[in-house]
Structures are given as C-alpha cells and as structure tokens.
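Read-outs throughout are calculated quantities, based only on the coordinates presented, and are distinct from any laboratory measurement. Being a predicted model, the structure only gives us computed values, none of them experimental. Positions of Cβ are generated from backbone atoms using ideal geometry, with glycine treated the same way; all protein chains shown enter the neighbour counts.
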Amino acid sequence: MTDAIDPRALRRAFGAFATGVTISTTLDAGGQPVGFTANSFSSVSLDPPLLLVCLAETASSYPAFRDAGRFAVNVLGASQRGLSTQFATRGADKFAGVAWRAVETGAPVLDGSIAWFDCRTHALVPAGDHVILIGRVVAFGAEDRPPLGYVRGGYIAFGAGGEAFNAHAGGVRVSAVVERRREALLRRDGEGLRLPSAAAFGPATNPDSLLGALAQAEIRAELPFVFASYDQGDVHHVVYRGAAPGVADPAEGWVFAPFEALPLHAMPAHEARILSLYATERAAHAYGRYVGDAVTWAGGPPPTG
Ligand SMILES: Cc1cc2nc3c(=O)[nH]c(=O)nc-3n(C[C@H](O)[C@H](O)[C@H](O)COP(=O)(O)O)c2cc1C
C-alpha cells in the first residue's frame, strides 16, 4: 500500500461514484450455485460483446469464478435490496429462497433481475487484491423496471423522485430525516414533535411541499435518498433522508434533536419507529455490515463480522 493513500478516505471517495447493483453468479466444482453482490460492474465492448466485474480474492466464491469458465451478471431492481444484502453477507447461504434458472452456460440467472448477462469467461486479469472477470456475453435479457442504486455506502431508488410521488398527492405524506452533525431535524406542532412532512416533495417554491416548508424555515436540505416507504391506514408515507449541514439555528418551531437522545415519546408512533430505525441503520452504516463489505471491495482488510 502506498503510504500517502489512506484506504478509508479512498473508499469514501470511490463511494461518491453512484452505481447500480449486480449479483454475479456461477457454479462451483460440485455444481453448487455461488455468487456475490458487486457494484464494480461495467460494460466493456459491443463487438465482441464484453463486460467486466471485479472480484476480491478473499471472497469465498473466488475459486469458483476463477475455475468455472462461465458466469452470469444479474442487475438488481429497486425492490431487490434484500437480495443485495444476502449476497453481500459473508458466510450467508446466498441462494436460500432464491429462484434461478440456467440459460446458456448454466450460470444462475436470478428471477426478478431487471437485466442479466450469461457469459463465458473471456479473461481473468489479476489487479491488486481483486481479479477483473471479463465475460463474453452469450445470452442476455432486460426489462424496463426501475433499478437499485448504490452510492456512499447506501442504497438509492432511482426514479423515485419527487415528481413520481407528487402524482399521488392526497393519499401520500412525504417526510424526511434531515441530519445536521449528529442531530435530526424535528418540527413542533400542537401535539408534540414530528418529522418535517408535507403532501408533496417539492418544488421549494411551493410552501405546501416538503422542500417548500423547509425553504420557508430557511433550511436548505439535500434529500437525495428514499429511506422508507410504507402505508399507515390509507395514507402512503415516503420518508427521504439527507442533510442540512449549513443550518445554524433553525427558525421558531423547529429543533435539532441529538441521535443519542431522540424525543421518540413525543412523536407519533410510526414516525418514532422510522426515526429509531434510522438511528440504528445510521450506526450500522458507520460500523456495520455495509461498510464491512465495502472494505473488502475497496482493498482494505477483510470484514471481521
Ligand atoms: C453494494 C455492494 C457492492 C459490492 N461490490 C463488490 C464488488 O464489486 N466486488 C467484490 O469483490 N465485492 C463486492 N462487495 C462485497 C461482496 O458482495 C462480499 O464481500 C461478498 O459477497 C462476501 O461474501 P463471501 O466472502 O461469502 O463471498 C459489494 C458489497 C455491496 C453491499
């Protein structure tokens, strides 16, 4: 490792590149399916049809991918976040509950993928602590459904932006967990404290929207991620997450509550559940599973958990 390069900082910087999420699969010497979650996928060439994915030498499936001569790349859809985690968890039974089929090479093509590429191994290029698997596509398929996205160690829902949700205004409540340092933004109302919320996401010029309500309180928040989407009675709730790093003291009626001492008892039960889930995942993002997996991927030490 070059002394000047801090691997943690490098991992963070790599993480700024937003990607989709794939699961690469093959069969091991005993014919058992193996696979791993990967965002290092790239198309390479149309003629001949080539793609690549980078695999850590420490992955349990490494010998299988090295020896099999075939593999498939499955592009995950927005609803397949759980599958991504399953295939990224060291030691997990990756194919538990997973339906798949063999197409041309026999490498597993997963049901529900929004695109898949069945490949013969074209080249294996050693590259540091990873190997670049270059595949020649022999069969593929694709569907027009929204993809799962990944950036800065978290999943994102492309195409689930404000416009899509505005179309359902009336039955939809849009809220947000807005972070500043180690605090979450809350709004006081008659009955207690609530997440900032509105009937629509934006735009900031509409005071009845979430961005508009925040703008009126002079809170410039960036809300690039959808954190949760759930039904409560006949109302559909969409919870964004993001940050308002520049805000000093919020306007009258708004408070920043520290994550270590969230006033959950003063909040509606479903919002309290969401916010405590957020607090747990926030801690896990910093110290848990996703970072552990990304450590392997970015060339740091293997995860300990
Ligand atoms: C979103 C995401 C992307 C990942 N991308 C890669 C990757 O491109 N290459 C890789 O080797 N590991 C990547 N990983 C980590 C592997 O999925 C993980 O280390 C591996 O599946 C661990 O299980 P195993 O050692 O039992 O195979 C990624 C993990 C996540 C959550």
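Tabulated values for the structure
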item: Net charge, GLN232 excluded, C-beta distance under 11 Å - Lys, Arg +1, Asp, Glu -1; result: -1
item: Volume per residue that the Cα convex hull of segment 17-151 spans, once the total is divided by residue count, Å³; result: 107 Å³
item: Burial ordering of GLU252, GLU179, GLU222, fewest other beta-carbon atoms within 10 Å first; result: GLU252, GLU222, GLU179
item: Equivalent ellipsoid semi-axes, the chain, via Cα gyration tensor eigenvalues times 5, rooted, Å; result: 40, 21, 17
item: Ascending count of other beta-carbon atoms within 10 Å, so fewest first, for GLU281, GLU218; result: GLU218, GLU281
item: Efficiency of FRET between ALA29 and ALA127 - r from beta-carbon atoms, R0 22 angstrom, step 0.05; result: 0.35
item: Order of TYR62, TYR230 - criterion: other Cβ atoms within 10 Å of each residue's Cβ, fewest first; result: TYR230, TYR62
item: Contour minus Cα-Cα distance for ALA99 and ALA9 (0.36 nm per residue); result: 28.6 nm
item: Pairwise FRET efficiency - ALA142 versus VAL44, Cβ, R0 = 22 Å, nearest 0.05; result: 0.80
item: Value at 222 nm in deg cm²/dmol, rounded to 500, when DSSP H runs of n ≥ 4 in the chain each add -39,500 (n - 2.57); result: -6000 deg cm²/dmol
item: Projected label distance in nm at ALA261 and THR280, using a 7 Å step from Cα toward the beta-carbon; result: 2.4 nm
